[in-house]
Amino acid sequence: MSPAVSAAPKPSAAPPAAPTAAPSAVKYQPLTGEFQPSSKQHSLLKAVRIMLVLSVVISVLVNPNALSSWTNFAITYGYTLMYSMGLWLTNGYVVEWLNRRYTWTVQPGRRLLLTLAVSLGGSMLVILLMNAVLLVIRDKPVSGLFSKEMYWPLMLPLIITVIISLFNHSRAFFYQWREAAVRAERLEKETAVARLDSLRRQVDPHFLFNSLNALTSLVEENDPPRAVRFIRQLSQVYRYVLDSESQELVPLADELKFAESYLFLQKTRLGNALAVEMDVAPADVAPYFVPPLALQLLLENVVKHNTAFQNDPLHLCVTLDAAAGTLTVRNTRRPRRLAPGESSGLGLKNLAARYAFLSSKPLQIGEENGEFVVTLPLLTL
């Protein structure tokens, strides 16, 4: 398999990259000669500005008498701002924590319940703590925290919490929904490109031309049984291509059966120049799925990108690791020069892109002891 397919080309001579600087709170702008805050600090400053304005609105809504004097307004505004900033930071961390573990797009019902429990519960703890601190500052007993007089001081911050939580979690839901929509659109595009590329490779004139040449040789050798089997295997290859072209996933058993037909055609054409080993237990195949034509792509690349000789065969091995849930294709690395236009170099890239959207397990590509190795993660439904 050609390394040009699986690895980026090496750049020409270039100076070594400068060491990456440690992240800082500000970034220097060479055009203006000024230091400007980083994106994270800019977001925090923006949140502070929003809270300063929002606290004015909330102060007027909850206590209209605060407008009677600057002193009353300053006290109400300071009280509101203290709670607003504390609850904003608390709920902000809650949103980040929940986004990392439970997304709106995967488990929306569970996420809603957790949002209500964690956000409101955490906010109530913050409210009680801040009111307890205020009582201590005013030399009053902490036991008065649960008296009737404290009903409104506790309800006011809780109302603020509801407003802030609605804003934070609604924004998080919108961003994740938009990201999921973008990912779905990209997946559809990548899948369409990969399907078209796979179909174009299978109906490639080189493959059909080589197969017809091999069939002609069988006819000339007066070997009707092998010729008939060759025709049937060739028809099964193209039938599978047409049947699987519109599917997201296919059973691994079907892909392996198709691979056997494809390898039969290649061994008929190459003879002893191709040595194939299939280390796959039928009992381990049943629960797994793969993208259609994924295995065929790897087998085709082995034959296309490497040389094979009768006295020095090209070794190809397919291994299934049921415990790890992977299918590995390894081959002797003997790169050969391809004619212009014979290879697009997009096969493995498209396959890796499809796996990136179907699974969190990446496609693994590399070299081991002079062999080119590609490992496919096996998927389950």
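The values are calculated or read from the model by the stated rules, or taken from the named source; none is laboratory data. None of the values given here were measured: they were computed from a predicted structure. Ideal geometry is used to build each Cβ from the backbone, glycine not excepted, and the neighbour counts take in all protein chains shown. What goes into the accessible areas is simple: the full protein's heavy atoms, side chains included, and nothing from ligands, DNA or RNA. Shrake-Rupley method; radii C 1.70, N 1.55, O 1.52, S 1.80 Å.
Numbers below:
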{"read-out": "Residues located in the range 331-381, provided they are more than 17 Å from the chain's Cα centre (by Cα), modelled with pLDDT of 85 or more and open to solvent by less than 60 Å² (accessible area, probe 1.4 Å)", "value": "Asn331, Thr332, Arg334, Gly366, Gly370, Glu371, Phe372, Val373, Val374, Thr375"}
{"read-out": "Pairs with Cβ under 8 Å, 6+ apart, first in the range 134-147 and within 16 Å of Tyr79 (Cα to Cα), second surrounded by fewer than 12 Cβ atoms within 10 Å (Cβ to Cβ) and modelled with pLDDT of 75 or more", "value": "Leu135/Pro141"}
{"read-out": "Among the residues listed as Phe258, Phe264, the single one being in the same structural domain as Leu212 (by the TED database), more than 33 Å from the chain's Cα centre (by Cα) and either assigned to a helix (DSSP H, G or I) or not acidic (Asp, Glu) (or both)", "value": "Phe264"}
{"read-out": "Condition check for Ser143: in a helix (DSSP H, G or I), among the small types (Gly, Ala, Ser) and either modelled with pLDDT under 75 or open to solvent by 30 Å² or more (accessible area, probe 1.4 Å) (or both)", "value": "yes"}
{"read-out": "Residue that is most open to solvent (accessible area, probe 1.4 Å) [pool: residues in the range 268-283 that are modelled with pLDDT under 90 and touching a helix residue (DSSP H, G or I) at 6+ places or on another chain (Cβ under 9 Å)]", "value": "Pro282"}
{"read-out": "Filtered residues of the range 271-304 (kept if in a helix (DSSP H, G or I), β-branched (Val, Ile, Thr) and more than 30 Å from the chain's Cα centre (by Cα))", "value": "Val303"}
